[in-house]
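K.L.:
Take a look at this one; I'll ask things after.
The values are calculated or read from the model by the stated rules, or taken from the named source; none is laboratory data. Small disclaimer: the values here were computed from a predicted structure and weren't measured. Here the Cβ positions follow ideal geometry from the backbone for every residue, glycine too, while neighbour counts run over all protein chains shown. Just the protein is used for accessible areas: all its heavy atoms, side chains included, with ligands, DNA and RNA removed. Shrake-Rupley method; radii C 1.70, N 1.55, O 1.52, S 1.80 Å.
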Amino acid sequence: MKDRLNTIKSNAETELNSAADLKALESLRVKYLGKKGELTAVMKGMGGLSKEERPVIGRLANTVRGFIESALEEKKKALTEKAKELRLMAETIDVALPGRMPEMGAKHPLNTVLDDLQDIFIGMGFSIVEGPEVELDYYNFEALNLPPDHPARDTQDTFYINDNVLLRTQTSPVQVRVMEKQKPPIRIISPGRVYRSDTVDATHSPVFHQVEGLVIDKGITMADLKGTLEVFAKKLYGDDTRLRFRPHHFPFTEPSAEVDISCFNCKGEGCSICKGEGWIEILGCGMVHPKVLRNCGIDPEVYSGFAFGMGLERVTMFRYGIKDLRLFYENDLQFLKQFKI
Amino acid sequence: MNLPLSWLKDYMNTDGISEQEYADRLTMSGSIVEGIKNLGAEFKNVVVGRITKIEKHPDADKLVVCQVDVGDEEIQIVTGAPNVFEGAVVPVAKHKSTLPGGVKITKGKLRGVVSYGMMCSTDELGISKERATGILILPDDTPIGEDITHTLGLDESVAEFEITSNRPDCMSIIGLARETAATFARDFKIPEIKPTGNNEDVNDYAAVEIADSKLCSRFTARAVKNVKIGPSPKWMQNRLTAAGLRAINNVVDITNYIMLEYGQPMHAYDLDHVEGRKIIVRNAGDGEMLETLDDKPRELKSEMIAISDEKRAIGVAGVMGGANSEVTDDTTTVLFESACFNPVLVRRGAKALGMRTDASALFEKGLDSENCLPAINRACELLQDMGGGEVIGGVIDVYPVKKQNTVLPFEPEKINRFLGTDIPESDMIEYLGRLEFEVKDGSVIVPTFRGDIESMADIAEEVARLYGYDNLPVTMMQGRVVVGGKTFKQKAVDSIRNTLTACGLYEAMTYSFIDPKEFRQTRVPMNNVVKISNPLGEENSVMRTSMLSSIIKTLKVNYNRRASSAKIFEIGMTYNPIGETLPDERQVVAIGMYGKVDFFDLKGIVQNLLSRLGISGAAFETEKENPSYHPGRCAGITAGGKTIGRMGQIHPAVADSFKIDTEIYAAELDLNTMLELATFDRTYKPLPKFPASSRDIALVVEKDISVGEIEKIINSVSSDILEKVKLFDVYEGEQVGENKKSVAYSLTYRAADRTLTDDEVSGMTDKILAALKDGVNAELR
């Protein structure tokens, strides 16, 4: 009987090991532990054993039963786990299939770049000021040291509403309006729409945008102008950007300068973007002309300041490699969708 | 302004300065060099030749076959030019030669006869823009075989300058030489002008009168008799050609030469054709007629300055002379004029006549009256030197008020403070000295040719540009702390952009001016608009008062390009005259869409936007009267008693007028009104601790009862436990009866301090149902 129990144990062990699935396992349980199972049969036959043998065989039978039960349990766990794995394997999907993207829109690229510019200047303590687009000749020209018949008026072909009212050709009138109202210190940028009667082509538009800046305080120097614009250019175009200030003339600043940045594409080597020059002209600037300060009721003996201005379209075109300005105002979705930033 | 670089040598030593260095340094000191061109560099293998024999072409009436001696050989050239003759000296582009513009010449056959090159006209040589009628015939003594660039003076580098309007003194060779010398710290000297003039007195020859000193600050004149009109010397012709002017005859060439050299426009009169030999500078009469040098009749206006003799106008001052006193081949007595006219009047006159000449472009910037005399003396010297006539002694010089030098305080410390520099005083004096500013007794004496210098800032610029802008230090602003940031409005606009893009909309930007016919198309009234007096075209002539046409046009662009759907927005300005000088500029948030969208897609976006801006309780009410919108699908939007705007389907007839054959939806929301209502304040409400209960009710009402009315009634039933009212079904059909509809709501109740009992919830629902029965005769279904 003892041998029979040991045989049952070893047979059960072998068969359990090779059980392939839960179903096979169940039939093994029935085979050994079921009402008509082999172990059950041995247990039933124990009545015929001697008094001495009975406890020994009984113990052994219980051990075997315990062994089979726990082996069954273990195997069941293993097989369940495996079945789960198989099920998951069967659920495999092609992850390369396209995702369902909720449709998101995008800001106009000009506003995306404008936001960047504004953030840079806000970080330096500037506020953003807006003003009217339909403007008085006085604010657009006269207060800015461009009296009637000034030859420089010719370079800004102007749309007039009547003799005194025009579509502003620059955002500088906003600066005049601020200086009239606010005492220094002044630190503002004035972004906005401006108008010039240019015929439309790849680089001209009768409507475009400028971002101008103005700083007025005691002791503001031309070196401060250079410092401020250098911070700006490095933030916008990268830390290795170099600046070049060239003397120039604007009626409302003195001294005046045009500013080139080292080409962000070729780093100054010369390429198609900078037309081989290594430099790209991005803005005009200068120290606010004493006449302009006086026109706005600010004493040039006490205060000084600087101003600068740039074309938003130009900055944006360089930023994204856009070659035709007309695209900004055409609003083809195929264009607008490229600037989800 | 074109500067032939070799011309600089008249005034300074230019040894060792390369062209690249020249361009770079002049640009950095303020005279912008746009490029340096070598005119001759475009030529290859083009020489001087002499036609030795001309024969008829065997097969063509209009062609001839020429044998041309080009020095080292004789070549055969076929030409159709009418002006060739045996013995003519001509420019010859030989086989394998290059002409300006990259034109390559090789041998070829013309009607069967081989031609080994081409004889050239002025336009083919690039020295005239007009199309020439024949071959350029060169002087007989031109060396045969000589390189044509040498003959024409084209083997010369020419710097092209962009001169800013404040520096008319740099519109001259002398001015640019002065800047060059200052930039390179070299000596600069204008050669002395030899005195000219015989024993006669010019006052016996002519007289000058300035009728009004406002017109002309100085008028100088000199006379030359026994004038022999002929070509000017080759060196002068070459310089004129290199600077971009055409040689005409000795007298005219001299006036042009002086204009280049001194920046002083000059004029030469045939004195025998000046009636009474008297010149009067006066206002032109309105309607006075004058034929100008270009042989065109001109009608003058009183705002122009006329140069006249005793009988008639003989020129428009500072713009162009008259044909009636023009120097011709028969002229024997010449009167030179070198004067300084009122810049504003010259500018207006040139503009009114539509003839901006080289002279007027100079005068309108304001010239130095001190420059008149040296210029006219130099002209006489040149004419005398070339044996062109006998200069009469004396000068007529009408100079009512002598020009004084501007004198400014010399403030080196202030300049350093202004620039942020530490430049020694002695350096400043040296820089200024190079520019002919004299520093004396604490003052700066500004040369008369620098009319642009008026204050310390101007002096600072002169110092800074010679010190070098690139050498100025780079510092950060000192002083009081200034706090920057965005205003409430700017933050709200950011929020609007973020919300609308999150809703899947793309931002557009359009022109602010539109075509007047778009008002008709969109049915927006056009009785009160801002009109541009000088528009580029009718299509861009009126400032918009509504965003509708802009937004529809943007949709149309995409519709025409076959985009199946489009959702866009624009925050654009509208311009509304309000009876004051400037119009009211109002920003409008406009939304437009088409494709798989309907009214409620758009409404959901608008509601999202209002909710983001913290605008609660907005009402959408049917607007049947707006002609731009579908009469049954338009809603006016109000909140807090204010009109925010409207939205709906664009009237199909309006869509049709833009040739859009699909339903389009649009919203127009006034930004300022939204800002008045908007708030970014939010207050935290504790999260609910007790569960909610809900009841669904289905009501049957008359079909034309709006759910807005129903919701108004539900919300009017005072209840602190009704948390949410949600419409979940609207049904019309047989089961509810004709002209009826069924509307189903889910009502959610919750109390903050307890779990609600069934009785409470049912009681409140009954109250609501009773109110609905009362208000709109709603039956529970």
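K.L.:
Taking the Cβ of residue B:279 as the center, what net charge do the other residues with Cβ under 14 Å away carry, scoring Lys and Arg +1 and Asp and Glu -1?
P.N.:
Numbers: positive: B:218, B:222, B:277, B:278, B:282, B:311, B:312; negative: B:209, B:270, B:272, B:275, B:309, B:310, B:337, B:397.
In short, -1.
K.L.:
Hey, another quick one. Could you give me D for the stretch A:41-137, from Stokes-Einstein at 25 °C and 0.890 mPa s, where the hydrodynamic radius is the Kirkwood radius over C-alpha pairs? Units µm² s⁻¹, please. Numbers along the way, then the final one.
P.N.:
Details: Rh = 23.0 Å.
Approximately 107 µm²/s, per Stokes-Einstein.
K.L.:
Compute the acute angle (0 to 90°) between the alpha-carbon long axis of helix A:2-18 and the principal axis of greatest extent of the alpha-carbon atoms of chain A; round to the nearest 10°.
P.N.:
The two axes meet at around 30 degrees.
K.L.:
Work from the charge dipole of the protein assembly as shown (Cβ charges, +1 for Lys and Arg, -1 for Asp and Glu, about the Cα centre) and give the residue of B:578, A:252, A:63 farthest towards its positive end.
P.N.:
A:63
K.L.:
If you don't mind, there's one more thing I want to ask. Of the GluC sites (Glu not before Pro) in the stretch B:75-131, which ones lie in a loop per DSSP and count no more than 10 other C-beta atoms within 10 Å? Could you put the intermediate results ahead of the total?
P.N.:
Values: sites: B:86, B:124, B:130; in loops: B:86, B:124, B:130.
Qualifying residues, ordered by number: B:130.
K.L.:
Among B:398, B:100, B:666, which residue has its Cα furthest toward the positive end of the charge dipole of the protein assembly as shown, with +1 on Lys/Arg Cβ and -1 on Asp/Glu Cβ?
P.N.:
B:666
K.L.:
Could you tell me which trypsin sites (Lys or Arg not before Pro) in the stretch A:206-238 are loop residues by DSSP with no more than 10 other beta carbons within 10 angstrom of their beta carbon? Please list the in-between numbers first.
P.N.:
Values: sites: A:218, A:226, A:234, A:235; in loops: A:218.
Passing sites in the stretch A:206-238 do not exist.
K.L.:
In the neighborhood of residue A:208, defined by Cβ-to-Cβ distances under 9 Å, what is the net charge if each Lys or Arg adds +1 and each Asp or Glu adds -1? Show your work: numbers first, answer last.
P.N.:
On the way: positive: A:193, A:196, A:314; negative: A:198, A:313.
That sum, taken over residues with Cβ under 9 Å, equals +1.
K.L.:
Let me ask another. Could you tell me the accessible area of residue A:201 in Å² (1.4 Å probe, neighbours in place), rounded to the nearest ten?
P.N.:
Per-residue accessible area (residue A:201): approximately 60 Å².
K.L.:
Can you work out the accessible area per residue across the stretch B:124-233, with the rest of the protein chains kept in place, probe 1.4 Å, in square angstrom?
P.N.:
Details: 5130 Å² over 110 residues.
Averaged over the residues of the stretch B:124-233, the accessible area is 47 Å².
K.L.:
Which value, in debye to the nearest 20, gives the size of the charge dipole of the protein assembly as shown about its Cα centre, when Lys and Arg are +1 and Asp and Glu are -1 at the Cβ?
P.N.:
Numbers: 136 positive and 165 negative charges, 1364 e Å.
Computed about the Cα centre, the dipole is about 6540 debye.
K.L.:
Interface size between chain A and chain B, please: total buried accessible area, 1.4 Å probe, rounded to the nearest 100 Å². List each step's numbers first, then the result.
P.N.:
Values: alone 19600 and 39750 Å², together 52170 Å².
The contact between B and A buries close to 7200 Å².
K.L.:
Now for a different question. Of the GluC sites (Glu not before Pro) in the stretch A:63-97, which ones lie in a loop per DSSP and count no more than 13 other C-beta atoms within 10 Å?
P.N.:
On the way: sites: A:69, A:73, A:74, A:81, A:85, A:91; in loops: A:91.
Passing sites in the stretch A:63-97 are A:91.
K.L.:
Restricting things to alpha carbons, find the Rg to Rh ratio for the stretch B:321-459 using the Kirkwood radius for Rh. The partial results should precede the final answer.
P.N.:
Values: Rg = 20.6 Å, Rh = 18.7 Å.
Rounded to two decimals, Rg/Rh equals 1.10.
K.L.:
The stretch B:605-676: D in µm²/s via Stokes-Einstein (Kirkwood Rh, Cα pairs, 20 °C, 1.002 mPa s)? List each step's numbers first, then the result.
P.N.:
Values: Rh = 12.8 Å.
Diffusion coefficient, whole number: 167 µm²/s.
K.L.:
Run the reach check for residue A:31 against lysines, Cα to Cα strictly under 16 Å, same-chain hits fewer than 8 apart removed. What comes back?
P.N.:
A:9, A:23, A:44, A:75, A:76
K.L.:
Quick one: helix A:109-123 against the long Cα principal axis of chain A, what's the angle to the nearest 10°, folded into 0 to 90?
P.N.:
On a 0 to 90 degree scale, this one is about 80.
K.L.:
Excluding residues on the same chain fewer than 8 positions from residue B:301, give the lysines whose Cα lies under 26 Å from its Cα.
P.N.:
Leaving aside lysines fewer than 8 places away in the same chain, those within reach of residue B:301 are B:214, B:278, B:311, B:351, B:365.
K.L.:
When the accessible area of each residue in the stretch B:511-546 is compared between its chain alone and the complete protein assembly (1.4 Å probe; ligands, DNA and RNA ignored), which residues differ by at least 10 Å², being lower in the assembly?
P.N.:
With the partner chains in place, the stretch B:511-546 has these residues losing at least 10 Å²: B:511, B:512, B:513, B:530, B:531, B:532, B:533, B:534, B:536, B:543.
K.L.:
By what distance, in whole Å, do the Cα atoms of the stretch A:150-301 stretch along each of the three principal axes, largest value first?
P.N.:
46, 42, 24
K.L.:
Stokes-Einstein diffusion coefficient for the protein assembly as shown at 10 °C in a medium of 1.306 mPa s, Rh from the Kirkwood formula over Cα pairs: what value in µm²/s?
P.N.:
In µm²/s, the coefficient rounds to 42.
K.L.:
Quick check: the distance between the Cα centres of the stretch B:515-543 and the stretch B:335-387, to the nearest angstrom?
P.N.:
Using only Cα atoms, the two centres lie 45 Å from each other.
K.L.:
Please give the per residue volume of the convex hull enclosing the alpha carbon atoms of chain A, rounded to a whole number of Å³.
P.N.:
Working: hull volume 93.0 nm³, N = 341.
Hull volume normalised by residue count: 273 Å³.
K.L.:
Which value, in debye to the nearest 20, describes the size of the charge dipole of the stretch B:1-102 about its Cα centre when Lys and Arg Cβ atoms bear +1, Asp and Glu Cβ atoms bear -1, and nothing else is charged? Write out the running numbers ahead of the final one.
P.N.:
Numbers: 10 positive and 15 negative charges, 35 e Å.
The dipole of the stretch B:1-102 has a size of about 160 debye.
K.L.:
Could you please state, rounded to a whole Å, how far the C-alpha centre of the stretch A:48-80 is from the C-alpha centre of the stretch B:42-94?
P.N.:
126 Å
K.L.:
Using the Kirkwood formula on the Cα atoms of the stretch B:571-711, what hydrodynamic radius do you get, in angstrom to one decimal?
P.N.:
Details: mean 1/r = 0.0565 Å⁻¹.
Value: 17.7 Å, from the Cα pair sum.
K.L.:
Using +1 on the beta carbon of Lys and Arg, -1 on that of Asp and Glu, and nothing else charged, what's the dipole of the stretch A:183-251 about the Cα centre, debye to 20?
P.N.:
Details: 11 positive and 8 negative charges, 44 e Å.
Charge dipole of the stretch A:183-251: 200 debye, to the nearest 20.
K.L.:
Taking the Cα atoms of the stretch B:666-760, report the difference between the largest and smallest coordinate on each principal axis, in whole Å and largest first.
P.N.:
Result for the stretch B:666-760: principal-axis Cα extents of 48, 46, 20 Å.
K.L.:
Probe radius 1.4 Å, ligands and nucleic acids left out: which of B:220, B:487 has the largest accessible area, and how do the rest follow? Walk me through the intermediate numbers first.
P.N.:
Details: B:220 0, B:487 65 Å².
From most accessible down to least: B:487, B:220.
K.L.:
Find how many whole Å separate the alpha carbon centroid of the stretch B:606-675 from the alpha carbon centroid of the stretch A:248-272.
P.N.:
47 Å
K.L.:
Let me ask another. I'd like the per residue volume of the convex hull spanned by the Cα atoms of the stretch B:145-193, given in cubic angstrom. Before the final figure, lay out each step's value.
P.N.:
On the way: hull volume 6.9 nm³, N = 49.
In the stretch B:145-193, the Cα hull volume divided by residue count equals 141 Å³.
K.L.:
Which aspartates and glutamates does residue B:228 reach when only Cα atoms under 13 Å apart count, and residues fewer than 8 places away in its own chain are ignored?
P.N.:
B:270, B:329, B:330, B:385, B:390
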